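Written out below as C-alpha cells is the structure these notes cover.
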There are 2 protein chains.
Amino acid sequence: MGTKVSPLAPARFPDLPVIGGVRFASAAAGVRYKGRTDVMLAVIDDAVVAGAFTRSSTRSAPVRDCQDKLEYAEGGQAAFLINSGNSNAFTGRLGEEAVDGICNAVAHALQMPASRVFTSSTGVIGEPLPWQRIADAVPALRDALDPHGIEAAARAIMTTDTFPKGAGAEIELPEGRVRIAGIAKGSGMIAPDMATMLVYVFTDARIGHEELQAVTAAACNRTFNRITVDSDTSTSDTLLVAATGASGVDASGQAAFAQALEAVFHNLALQVVRDGEGAQKLLEIQVTGAMNEAEAHKIGMAIANSPLVKTAVAGEDANWGRIVMAVGKSGAHADRDRLSIRFGDIVVARDGFRAPDYSEEDASAYMKRQELIIGVDLGIGSGAATVWTCDLTHGYIDINADYRS
Amino acid sequence: MGTKVSPLAPARFPDLPVIGGVRFASAAAGVRYKGRTDVMLAVIDDAVVAGAFTRSSTRSAPVRDCQDKLEYAEGGQAAFLINSGNSNAFTGRLGEEAVDGICNAVAHALQMPASRVFTSSTGVIGEPLPWQRIADAVPALRDALDPHGIEAAARAIMTTDTFPKGAGAEIELPEGRVRIAGIAKGSGMIAPDMATMLVYVFTDARIGHEELQAVTAAACNRTFNRITVDSDTSTSDTLLVAATGASGVDASGQAAFAQALEAVFHNLALQVVRDGEGAQKLLEIQVTGAMNEAEAHKIGMAIANSPLVKTAVAGEDANWGRIVMAVGKSGAHADRDRLSIRFGDIVVARDGFRAPDYSEEDASAYMKRQELIIGVDLGIGSGAATVWTCDLTHGYIDINADYRS
C-alpha cells in the first residue's frame, strides 16, 4: 500500500552537480521504525543560509527554531539535520528540548556553534520525539560525510513519497560557473503557503544573506506556494537554501542566478505534485485575465483544491461545470458572461457559455492524458497565475485512511 | 453505484404536518433521463416568501431570478417549480430564457403572475436546460396537486441523494398551534455559505416578509452554513421559506417560532450531511474558546474540510495530529500551548500537549462509532461554533469520478 512508484515519477534520480563545501550522510536511527533510513545530515563548510517556512499557527518546534536562527544568520559552518518518522510538532516544552538536544549533539560532534545547526522533523504529529536516538547517531553520521551523498540524503527524508526528489542546475555567470542542487520530500499535507514539504537547496555561488533570502522568497512564491495536493498545510514545511561561495563566483544582482534557483524550485515543486498521494495525473491550471495576480492565484487554488474537480480528472471526465463551480466559490471577482475555459487547446466554454464547436468527444479524449492543462480566462483584467495539482483517487484514501498503523 | 442507502440515514421519512394552503405534485418530465421523477411543483395559496442563496459568483439563472423576485416580494399566491437533472447554470442567455419559459408556463396554468413563480434547477452545469419538457409537464402537475404530496416532492428533487429528506415541527404559540414542514436535497458540492442544497420549508404561521427573512437568515447561518461535505460550493444553492398564515396564528416576535424554524433547518442540514456522498460517519466538530464566533466557525470548517482529517475518520484512526494541523492552517488565531482536543469525552491533548492520561486504545475504540464528536478548545477567548461533516471514503471517489455517465 502506497509503495508502488507514482506513474508520474521521473525515469530516474537526476545527476546532480557536486556543490563545493557541502557533504551529506544518512543513517537508520530507529526514530519510529527499526532498520529504516530516517536521519540525514548535511554539513556546509561556510554557508549563507536563507529559508521559507509554513505559516501554520501550530507549526513545529524545529520550524520555530529555524526561524529564530535565521533572524540572526551570519556566515560560517552550518549543518542541517533532518529526521523522518516523527514531526516533533505539538509536543510542547519537550519539543523544544528535543531540538536543543539534537542541535547540541551536532554542534559537539562537529565543533561548531549550535546556533548554526538547523533541524527539520517530519512524520507523526503530537508524539514526543525520541531525540536521544538521533543524537546517538550523530558521530556515525559525521564520520560518513560525503560530497556525493545527496541522492542517499534525498532517500533518507522520504515518508509516504514513492520516489526521491532531486533537481539541479549549472549556469555561467560573468565571473564563471555556479552550481545548484536541491532535494525535497512530499507528499501529503501539501497546500498553499509552503506546500507540506522539506526542501534543501545548495549552491556554490557567492551571495549575501539578504539577497539570498529575497530571491528565495520570491521564487518560493511562484513555485512551492503554487502547488497543492490536498489543501492541507503542514506544521513542518521548511525550505532551506545554503550558498557556500565555493565557486568563488559572485552571484549578486545576477538575474540568471535567480532564474536558475527558481527553475530548481519549480522542478522540485512539480516532483512533489507528481508524487502526491495516490496521484495518477498531473494537472496544470493556467489562470489568466483575472483582476490581479493574487486573485488569479486564489482562483487557481480553488480549482486545484476542489475535490469535485480532482475526482472528475481521476475519472477522465471532461466535467467543466465543476470548474465553473470552483471559480464561483473562490471569492475572487468573476463575471459569468466573460469566463472562458479550455482543456489544453480545446476551447470548452467562451463568454460564459459552452463553445459552439465544443466536442465532448475531443475533450474526453484529452482527459485520458497523464498530464493535463486547464486554462481559465476571466476576461476582466490582466492578472495571471499558474498552479499545479494532481487528481484525487482511491489511492489517496488508501494511504490516508490508515497512515499511522 | 451510489444507490445503496447511506448507513447514516434515518429509519424512515418522518410524518410531516400538513400545512394549510400548500399543495404538491411531482412528475417525470424527462429532463435528463426518461422515466425518472424529476420535477416538483409546490403551490402556496397565499404566501409570504423568504430565502437564502449561494454566494457563488457563477450562480445559476434560477438563483438570480429568485433573488430578484424576493426583493419585491409581496403576498398572494406563489409557486415553487424545481427540476433535477440539469442545473441551468453557466448557460448564458439561454439560461434566462429557460427560467422565463418555465415561470410563464406555471403562471399560465395557475392563472397567477410569473413574478410569484420561483424556480430551482439541480444537476449538470453548462448544458442548456430543455425547459420546454418541463413547461409541457406543468398542466399535469397542476391537476395532480395534493396537500399530502410532500414526501413524493422530496423524492422528486433527489440527485445523488440516497434517501429523501424531510423535517417538521408543531408548536403552540399564544394564539394557537402552528406547523412547519420542510424538505431538502443534498448531497455533493456541499460547503459553507449555503451548503449545496435545495431546501423548501412551509409553515402555516402568519408572519411579515421582513421578519420571516430575518429569522430565515439567522437560522440559516447557524445550520446550513455550518455543514460541509466536500468544501465545494454549488452554483444553485437555494433555500425558500413560505408562510401561508393559514393557521390564523400570529408568529410575529415569537422566539418559539424562530427556534422551531431553526430546529427544522438543523434537522434537514444534518440529513444532508448524513447523505454526504460516500458518508459512513457523521462528525460534529465543537469549537470553543476561540477569539470570536467567526474564528470558531473558520476553525471548525478548516477541520471539517480537511481531507486528512476526513480520511482519518474514515479509517477509524484517532490521528489527532491532523486536527492540530487543520487548526494551524485555518488562519484563525491559535496558541499552540493553550490548545485542547477531545474525542467525545476523551481528552486527547491539553495545553498544547498530549494529555498525560491519554489512552490510544480508548480513542481508537471511540473512533469506531458511527457518530463522532471532536471538541477543540482554543483557550484564548469565548467564541464558539459547531459544524458538521462526514468522512471521506472510497464511496465519494466512486460517485464523483464518473458522475455524468
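The values are calculated or read from the model by the stated rules, or taken from the named source; none is laboratory data. Please read these numbers as outputs of a predicted model, since none were measured by experiment. As a convention, Cβ positions derive from the backbone with ideal geometry for all residues, glycine included, and neighbour counts pool all protein chains shown. In case anyone asks, the SASA skips ligands and DNA or RNA and just uses the protein heavy atoms, side chains included. Shrake-Rupley method; radii C 1.70, N 1.55, O 1.52, S 1.80 Å.
Taking every alpha-carbon pair under 8 Å whose residues sit at least 6 apart, chain B reaches a relative contact order of 18 percent. Label-point spacing for A:Q370 across the identical copies (point 7 Å from Cα in the Cβ direction), in nm and ascending order: 4.3. Taking Lys and Arg as +1 and Asp and Glu as -1, the other residues whose beta-carbon sits under 9 Å from that of B:V348 total +3. Less than 14 Å Cβ to Cβ from B:G101, Lys/Arg counted +1 and Asp/Glu -1: what total charge do the surrounding residues give? Summing Lys and Arg as +1 and Asp and Glu as -1 gives -3. In region B:258-405, Cα pairs under 8 Å separated by at least six residues give a relative contact order of 41 percent. Take region A:225-357 with all the other protein chains still there, run a 1.4 Å probe, and you get 28 Å² of accessible area per residue. When A:P356 is represented by a point 7 angstrom out along its Cα-to-C-beta vector, the spacings to that point in the other copies are 7.7 nm, nearest first.
When A:Q286 is represented by a point 7 angstrom out along its Cα-to-C-beta vector, the spacings to that point in the other copies are 5.2 nm, nearest first.
Taking a ≥ b ≥ c as the square roots of the eigenvalues of the Cα gyration tensor, region B:1-153 is rounded, since a/c falls below 1.5. Note on chain A: with neighbouring protein chains present and a 1.4 Å probe, carbon and sulfur make up 48 percent of its accessible heavy-atom surface. Tally the DSSP beta bridges in chain A and give the antiparallel ones as a percent, rounded to 5. Approximately 70 percent, going by the DSSP bridge assignments.
Taking 0.36 nm per residue of separation and subtracting the Cα-Cα distance, full extension of the segment from B:H108 to B:D351 would add 80.9 nm. Using C-alpha pairs below 8 Å separated by at least 6 residues, the relative contact order for region B:1-105 is 25 percent. Among the listed pairs A:K69/A:K298; A:K368/B:K4; A:K4/A:K165, a Cα-Cα separation exceeding 22 Å is found for A:K69/A:K298; A:K368/B:K4. Residue separation of A:K34 and A:Q370 scaled by 0.36 nm, minus their Cα-Cα distance, works out to 117.3 nm of gained length. Computed from the C-beta positions of A:A218 and A:S359, the FRET efficiency with R₀ = 45 Å rounds to 0.65. Any idea how far apart A:D335 and B:R338 come out in nm if each label point goes 7 Å out from Cα toward Cβ? So the label points at A:D335 and B:R338 sit 4.6 nm apart.
Taken across both chains, chains A and B shield about 5100 Å² of accessible surface from a 1.4 Å probe. Each label point was placed 7 Å from the Cα along the Cα-to-Cβ direction; for B:L145 and B:E97 their separation is 2.9 nm.
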